[in-house]
Amino acid sequence: MSDSPLKKALRILFTFNLYERLNLFETFPWLKQFFSHRRNLLLVRSAGDLVFAGIILSGLFGPQDPQRNVALFLAWGIWWTSVVLSWFFVGKLWCGFCPFPGIGRILQKAGIGSPRPVPPWLRKHGPSLSLILLGAIIWAEAVTGMRSSPFATALLLLGILMGATIFGALYQGQSWCRFLCPMGKIIGSAATISMIEFRPDAMRCRKCTTFACRKGKEGKLGCPVYLGAFNVRDSVDCLVCGRCVSTCDQNSPRLNLRNPFSEMLLNRGKSLAYRYIIPFLMGSQLARFAQGKEWYEVLILQSGVSPAAAFTLVLALGYAFFWLLIRAGSLLLPCNTRLGQVSTMAAVFIPIGFTGELMYRLEYFLQDAGSFLPTWGRQFGVDLNAWGFTVATSHIQFVCLAVLALGAISSCTTAFLLNRAEFHGTLPMRRSFMLALMSAAVFAIYVFFFVATPAPHPFS
Ligand code: SF4
Ligand code: SF4
Ligand code: SF4
C-alpha cells in the first residue's frame, strides 16, 4: 500500500531524502487546473498590474514625505519582503504572476514592434549584465535612501517595467526575463533552496515528438524563455508561468514538493551566479546592517569619507571577505568538487546568505508595519492615527535573529549533508565540522553587525 500524501510530504521534508518528490499536480488536481486555464493567471496578473500602477503613480505624483505616501511600504515592506519570503516556499513562482512583462506581451500580441530572435550578445553577456544590475540596485538602495523616496522607488519599478517592455518589443518572448532581469536572477538563484520545483517527467518527454511546451501549438504560445518544460533541470531560468501545462498533451510538467536541500546539494552550488551572488549578497548585507550603527558612523566622522564611499568600502571588504572564505572552505573539499571557478563551498553559505536577505527585509517590514494605516490615512485625508502601532525593537530583533539562526542551522546541516549524502564518506567528518564552524562564525559576525548599538542620528 502506498503512503498517504501527508506521510510522503513529511518524509520528503524531514528525512533529507534528496531524490524523492511529491507531484502536487497529482495530489491537488485543482492546482493543475489553475495553471492550465490561462484566464486564472490573467486575473491574478491584472490585479497585480493595478497594484503596481498604483504604486508607480503614487510614487511619481503623490506626496514625497515618507510619512504620507504608502507607495514605500507597499513596494519595500509588503511586495519585496513577500517575494523574498516566497523564495523559500514556492521558489520562482512570483515570476509566473509578475506584472512587469505584461506590456511587452501585449505589444507582441498586437503585432507592434518587430520582435526578432534573441541575438548572441544577449545570450552571452545578459547573465553578467543582470548581475551588474543587481549589484547596482542593492548599492543604490542603500546609498541613495531609495526606501525613503517614493519618487526613486517609482523610478526603480518603472526602470524594470521599461526594460521588460523594450526587450519585449525588440525580441521574441521574454528575453528580459531570461537574460537580464536582476530580480529574476536573484529569485532564480534563491529558488534552488525552495521546497517546490517545476520539472518535467523525463520518461514522458523522451517519447515526445511535438515539443509543444517549447514551440507552442494551435495558437497557444510556447515557452516565453525559450526553454520548454523538457529543458528545465534547475530552478534558475523557468518562470513557473505554467504555459507548458496547457500545451503539453503528455501530462509531463509537474510541480513537485521536494527537500529544500535537494537542488543545492545535487547541483553542488555549480551555478556560476553563486560565484558572484553569494559573496556579494552577504558582503552587502554586512554593509547594510552596519549603516546607522554607532561604530560605523564614528568611523565615517573620523575618516571624513562620505556615507556613500564608506558603504562602498564596507561592501567591497565584505565581498572580499566572503569570497576568500569560500575559497578557504573549498580547500577542505575533495578536489573533484571545486569545479574550476565555482565551488560546492558556495552551497554551504547559500542558506545563511538568503536568510540574511530575508532578515534585512523583515526588519524593515516590522519597523514600518504599524505606521502603514496612519500613512495611508494621511495620504488620502482620513485620520487613521488610532490604528497605528509599534513593534518593539526587542521583538523585531528576536524574529530577525530567529530567521538568521534557521539559515545558520541549514548551512551547518549542508556541511554535514556534504559528508553524508553527497560524497559518500570522501569528506572526513572533521572537515564537515570545520565547514559548520565557518558557518557558525559567519552567524556570529551577522549578529554583531545586526545588534550593534544604533547611532543616535542616523546618516542614512
Ligand atoms: S524575470 Fe523579472 S520581469 Fe521577468 S517575471 Fe521575473 S521578476 Fe518579473
Ligand atoms: S513537456 Fe510535454 S510537450 Fe514538452 S517535451 Fe515533454 S512531453 Fe513533449
Ligand atoms: S518551462 Fe513551462 S513553466 Fe517554465 S517558463 Fe517555460 S512555459 Fe513557463
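The values are calculated or read from the model by the stated rules, or taken from the named source; none is laboratory data. Quick caveat, the model's predicted, so the values are computed rather than measured. Positions of Cβ are backbone-derived with ideal geometry, glycine not excepted, and every protein chain shown enters the neighbour counts. The accessibility values were calculated without ligands, DNA or RNA, using every heavy atom of the protein model including side chains. Shrake-Rupley method; radii C 1.70, N 1.55, O 1.52, S 1.80 Å.
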Once the dipole of the chain is set up with Lys and Arg at +1 and Asp and Glu at -1 on Cβ about the Cα centre, which of LEU418, ALA110, LEU156 lies farthest towards its positive end?
ALA110
In terms of the charge dipole of the chain, which places +1 on Lys and Arg and -1 on Asp and Glu at the beta carbon, the residue among PHE289, GLY377, MET438 farthest towards the positive end is MET438
Express in Å², to the nearest 10, the accessible area of HIS37 obtained by rolling a 1.4 Å probe over the protein heavy atoms while all chains stay in place.
90
Inter-part distance where the range 307-333 and the range 281-295 are each reduced to a Cα centre, Å:
13
Whole-percent pair-distance distribution, where bins are 10 Å wide, for the alpha carbons of the chain
4, 18, 29, 27, 17, 5, 0, 0
Would you mind getting the accessible area per residue of the range 133-196, heavy atoms of the protein chains only, 1.4 Å probe, in Å²?
29
What percentage of the solvent-accessible surface of the range 34-95, computed with a 1.4 Å probe over protein heavy atoms, is contributed by carbon and sulfur atoms?
74
I need to check one value: relative contact order of the range 5-263, counting alpha carbon pairs closer than 8 Å and at least 6 residues apart, in percent.
30
So how much accessible area does VAL391 have, in Å² to the nearest 10, using a 1.4 Å probe?
40
Rg and Dmax of the range 264-451, Cα atoms, in Å?
19.8, 67
Note to self: C-alpha centroids of the range 357-372 and the range 1-18 sit apart, in Å, by 34
Scoring the chain by relative contact order with C-alpha pairs under 8 Å, at least six apart, yields a percentage of 19
The chain, dipole about Cα centre (Lys/Arg Cβ +1, Asp/Glu Cβ -1), debye to the nearest 20
1860
Probe 1.4 Å, all protein chains in place: accessible area of ARG378 in Å², nearest 10?
70
Per residue accessible area in Å² of the range 50-109, where ligands, DNA and RNA are left out and the probe is 1.4 Å:
41
Amide H neighbours of LYS293 under 5 Å, at least 5 residues apart or on other chains, H built in the peptide plane: list them.
ALA455
Percent relative contact order of the range 264-451, based on C-alpha pairs within less than 8 angstrom and at least six residues apart?
25
Residues whose placed amide H lies under 5 Å from that of CYS238, excluding near-sequence neighbours:
none
Surface accessible to a 1.4 Å probe, per residue, for the residues of the range 345-392, Å²
41
Can you list which of the DSSP-assigned H helices in the chain have a Cα extent of 27 Å or more along the long axis and an average Kyte-Doolittle score of at least 1.0?
38-61, 150-170, 307-330, 393-417, 429-451
Given backbone amide H placed at 1.01 Å from N, residues whose amide H is under 5 Å from that of TYR171, ignoring those fewer than 5 places away on the same chain, are ARG116
Carbon plus sulfur, as percent of the 1.4 Å-probe accessible area of the range 264-451, comes to 69
About its Cα centre, the range 1-121 carries a charge dipole, from +1 on Lys and Arg Cβ atoms and -1 on Asp and Glu Cβ atoms, whose size in debye to the nearest 20 is 360
Using only Cα atoms, locate the centre of the range 93-169 and the centre of the range 377-416, then give the distance between them in Å, rounded to an integer.
29
